[in-house]
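The next block holds one structure in the form of structure tokens; read it before the comments.
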Amino acid sequence: MHILLTGATGLMGSAFARVAKRRGHRVTGVVHRTQPPADSPLDQVVNGDLTDDTWVLETVLDLFPEAIVNAAAVSEPARCESEPETAQAMNVALPTQLAQLAHHLSARFIHLSTDMVFDGERGDYSPVDAPSPASLYGWQKLESEKAVVQRAPDFATVLRLPLLNGNSPGGRRSLHEKLFAAWSRGETVRLYEDEIRQPCLADNAAEVIMELCERNDFIGLRHWAGAEALSRWEIGRRILEHFNLPDHLIKPASRRDSEAGRRRPARLTFDVTSLRSKLKARAQPFEDQLEPLIIPPDTRAWYHAL
Ligand SMILES: NC(=O)c1ccc[n+]([C@@H]2O[C@H](COP(=O)([O-])OP(=O)(O)OC[C@H]3O[C@@H](n4cnc5c(N)ncnc54)[C@H](OP(=O)(O)O)[C@@H]3O)[C@@H](O)[C@H]2O)c1
């Protein structure tokens, strides 16, 4: 299958490219500021700005893919606040246009969304639960979900994902990479004991996206996550343990202690029964997610000097 992959150099996109290559698909990756590594699994690379809708139109029609996987986004909530127009173009206008094009080409379309469409008041959300985002990022992703399902009702799956683990191409994007960056700057990181998340390894999510791409059922909204719900504090503690790092690098904190903390979602966890046991991919315990993690290259000098 010829797959057009946006966000090919991101945390999720790069993991998907590896899985798709392994499965024997031909992947054309859209790249922007970050260039793919020399050993990239991409078969073809197109360089362009996905906020340019004319370029998107011409590129998609020219390539005529059988499937489109949209892993491009402004995926940092803080950047959505500081650059709302770019974020709107990437997080809403782009998926809307890709859905329209997928419908036109009769191509399978997988659009990635987030647990942050929920406010985290209740947890264990299923796809039929009413979303209520607590951030601009969450609102934009929700708007994209509705547009995608409406524009490509027969071809699109919107896959909501949780907090992602993994080794990102730049080494600065994922959960453990952000912790390592802070530690290497000499910071002790305060982690909430009362903020619960259900992390998932990007490579595992990529297996799910691959299966969804290869199948024509599972159209519409779906949830995927890891097998365990853990507090931010517990996540940090297990990362320390895995890398044999000293306890003092993290400190427990409570969301209740600050205004910023109280605004954070308390419990963003998913009910994944709409996909679990219907796919070959299995939700992973956190221990298994830690296994493939590497020390981010930028922080190796700090790590080895400890
Ligand atoms: N990371 C998470 O924890 C998480 C959790 C739940 C859901 N998700 C969702 O999963 C998807 C992928 O997230 P991610 O974490 O893999 O994102 P990421 O690592 O931040 O990657 C985003 C990708 O989008 C590309 N991009 C951004 N602006 C672009 C532009 N104007 N033109 C072309 N490409 C552009 C980036 O390329 P350049 O860097 O070269 O600009 C990068 O390849 C998103 O939809 C996100 O909402 C992520």
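Overview of values
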{"read-out": "Residue satisfying condition, being within 26 Å of residue 174 (Cβ to Cβ), in contact with a Leu (Cβ under 9 Å, 6 or more places away or on another chain), in the same structural domain as residue 9 (by TED's automatic domain parsing) and assigned to a helix (DSSP H, G or I), within set 98, 50, 42", "value": "98"}
{"read-out": "Residue check for residue 289: closer than 18 Å to residue 163 by Cα, in contact with a strand residue (DSSP E or B) (Cβ under 9 Å, 6 or more places away or on another chain), assigned to a loop (DSSP other than H, G, I, E, B) and modelled with pLDDT of 95 or more", "value": "no"}
{"read-out": "Test: residue 160 is at pLDDT 95 or above, within 13 Å of the ligand (Cβ to nearest atom) and farther than 27 Å from residue 258 by Cβ", "value": "yes"}
{"read-out": "Any hit, region 217-230, residues being part of a helix (DSSP H, G or I), of a type in the set (D, E, K, R) and surrounded by fewer than 19 Cβ atoms within 10 Å (Cβ to Cβ)", "value": "no"}
{"read-out": "Among (1) in contact with a Phe, Trp or Tyr (Cβ under 8 Å, 6 or more places away or on another chain); (2) within 15 Å of the ligand (Cβ to nearest atom); (3) in a loop (DSSP other than H, G, I, E, B) - the single one residue 168 does not satisfy", "value": "(1)"}
{"read-out": "Set 7, 29, 48: member being within 13 Å of the ligand (Cβ to nearest atom), more than 15 Å from residue 202 (Cα to Cα) and surrounded by 16 or more Cβ atoms within 10 Å (Cβ to Cβ)", "value": "29"}
{"read-out": "Residue that is nearest to residue 162 (Cα to Cα) [pool: residues in region 248-281 that are in a loop (DSSP other than H, G, I, E, B) and without any contact (Cβ under 8 Å) to a residue 24 or more places away in the chain]", "value": "276"}
{"read-out": "Single match in 224, 233 (criterion: over 24 Å from residue 107 (Cα atoms) and not acidic (Asp, Glu))", "value": "233"}
{"read-out": "In region 112-124, residue nearest to residue 272 (Cα to Cα) [restricted to those that are within 13 Å of the ligand (Cβ to nearest atom) and not polar (S, T, N, Q)]", "value": "115"}
{"read-out": "Residue within region 174-191 that is of a type in the set (Asp, Glu), more than 9 Å from the ligand (Cβ to nearest atom) and either under 21 Å from residue 17 (Cβ atoms) or in contact with a Pro (Cβ under 7 Å, 6 or more places away or on another chain) (or both) present", "value": "yes"}
{"read-out": "Flag for residue 86 being assigned to a helix (DSSP H, G or I), within 11 Å of the ligand (Cβ to nearest atom) and among the hydroxyl-bearing types (Ser, Thr, Tyr)", "value": "yes"}
{"read-out": "Complete set of residues in region 157-208 that are more than 17 Å from the chain's Cα centre (by Cα) and buried (at least 24 other Cβ atoms within 10 Å of the Cβ)", "value": "180"}
{"read-out": "Failed item in (1) of a type outside the set (Ser, Thr, Tyr); (2) under 19 Å from residue 156 (Cβ atoms); (3) within 13 Å of the ligand (Cβ to nearest atom), with residue 131 passing the rest", "value": "(3)"}
{"read-out": "Flag for residue 130 being in contact with a Phe, Trp or Tyr (Cβ under 7 Å, 6 or more places away or on another chain), farther than 30 Å from residue 304 by Cα and at pLDDT 95 or above", "value": "no"}
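So that you can scan it fast, the table gives a plain yes or no per residue for (1) surrounded by fewer than 17 Cβ atoms within 10 Å (Cβ to Cβ); (2) not acidic (Asp, Glu):
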| site | (1), (2) |
| --- | --- |
| 15 | no, yes |
| 25 | no, yes |
| 52 | yes, no |
| 56 | no, yes |
| 68 | no, yes |
| 78 | yes, yes |
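The values are calculated or read from the model by the stated rules, or taken from the named source; none is laboratory data. Computed from a predicted model, the values in this text were never measured in an experiment. A quick note on method: Cβ atoms are made from the backbone with ideal geometry, for glycine too, and the neighbour counts reach across all protein chains shown.
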